[in-house]
Amino acid sequence: EARVRGENRIEVRAMAEPMEASASGSASASASTAYPHVTNIDVEVILGQYTGHALVSRLRFVAKKAAEAKDETLELEALKLAFAEAKKSEQTALYQEVTEAIGGRCGPDYACDAMWVEQVDRRAAQKKDKLESELNGYKANKIKESIRMGHTFLGEFFYEKGELNDALKQYVRTRDYCTTSKHLITMCLNVIKVSLELEHHLHVLNYVQKGEQTPDVQQDSVSMDKLRCASGLANLANSKYKVAARKFLQVSDELKDTYSDVIAPQDVATYVPTPIRLFRASPLPSLPPLPLSLPVKAQKKIPRTEDHQKSDGMVD
């Protein structure tokens, strides 16, 4: 029983891994046996389902697991696509990490171009100075909407560069300058997106609640679906399986690909049965799990209490 519980937890991390924060307790699992299906992945399908950071994180995850499985063909295919995305978005830190992972195995076209990195970093520094200067001017004039947009532009700049902590600070600062419900929802969704990548799941849930309490948000079905997806992911990572399943079930078909930089519609369909299966496999919080070190025969002799019996099939 304990072994089955562990396998269920590992299986979920295989599906939700790009967030690197699914059910706790599975991090120590052997990577070579935890993801046997990775070698069957079509990276072109991933390319069609995700955009932005979500796409890159999944491509890097596939490359990592393919390398552990010694599938060099799949590894390099994923790394080539990640290389193209890094260069397109001008994320120099990611670009250097990907070229280092490729290690010259794909020829000179996929080698690190130090001159390009220097040029991009120089342009980025100039753009940052310009955005900060404009923001200071907006603050001097005390125009709330301009200040909000200035912080938003800086947040987008840092997010595109992969500097998530700086992006989060800028997005949070827009809160004091929001004057409409739409502004508040935009702020919440920006903070949620960055917090998911940083694995600040309590922060995610906090801003999901703020978003759901925003006036008129119920009339915006797409924004509501995004909030439900974010809540589902955060609750899944926090082992709140029943709540996660309910949140995913509430997502409507209007979501489509509007949240592809975080989650694909196919993921929602995958994640709905996942929390239910994990919830069934999870022991009650007050009950210790069966020790893994006991032999099978010894485990069969462990008496099942009334509380253990009640823990089976607790899902509504």
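What the table shows:
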| read-out | value |
| --- | --- |
| Pairwise centroid distance, computed over Cα atoms, of segment 47-120 with segment 133-204, Å | 28 Å |
| Separation of the ALA125 and ARG105 label points, Cα + 7 Å toward Cβ, nm | 3.4 nm |
| Selection of chymotrypsin sites (Phe, Trp or Tyr not before Pro), segment 77-185, meeting DSSP coil and at most 14 other Cβ within 10 Å | none |
| Counting all C-alpha pairs of segment 45-153, share separated by more than 16 Å (%) | 65 percent |
| Residue pairs, from the table LYS161/LYS242; LYS142/LYS226; LYS210/LYS256; LYS80/LYS247, whose Cα atoms sit over 26 Å apart | LYS161/LYS242; LYS142/LYS226; LYS80/LYS247 |
| 20 Å Cα-Cα reach of LYS139 towards lysines, excluding residues that sit fewer than 8 places from it in its own chain | LYS127, LYS128, LYS130, LYS169 |
| Hydrodynamic radius by Kirkwood, which averages 1/r over all alpha carbon pairs of segment 39-83, in angstrom | 10.1 Å |
| Cα gyration tensor, segment 171-223 - rounded (a/c under 1.5), prolate or oblate | oblate |
| Whole-number D in µm²/s for segment 87-232 (Stokes-Einstein; Kirkwood sum over Cα pairs; 4 °C, 1.567 mPa s) | 76 µm²/s |
| Two-decimal log10 I(q)/I(0) for segment 152-246, as the Debye equation yields it once each C-alpha is a single scatterer, q = 0.18, 0.23 Å⁻¹ | -0.79, -1.16 |
| Sparsely packed chymotrypsin sites (Phe, Trp or Tyr not before Pro) within segment 187-255, loop by DSSP, other Cβ within 10 Å at most 16 | none |
| Percent carbon-and-sulfur accessible area, segment 145-204, ignoring ligands, DNA and RNA, probe 1.4 Å | 51 percent |
| Segment 92-140 - percent of accessible surface contributed by carbon and sulfur, probe 1.4 Å | 48 percent |
| Surface accessible to a 1.4 Å probe, per residue, for the residues of segment 113-216, Å² | 54 Å² |
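The values are calculated or read from the model by the stated rules, or taken from the named source; none is laboratory data. Computed from a predicted model, the values in this text were never measured in an experiment. Here the Cβ is made from the backbone with ideal geometry for all residues, glycine too, and neighbour counts use every protein chain on show. Please note that ligands, DNA and RNA were not included when accessible areas were found on the heavy atoms of the full protein model with its side chains. Shrake-Rupley method; radii C 1.70, N 1.55, O 1.52, S 1.80 Å.
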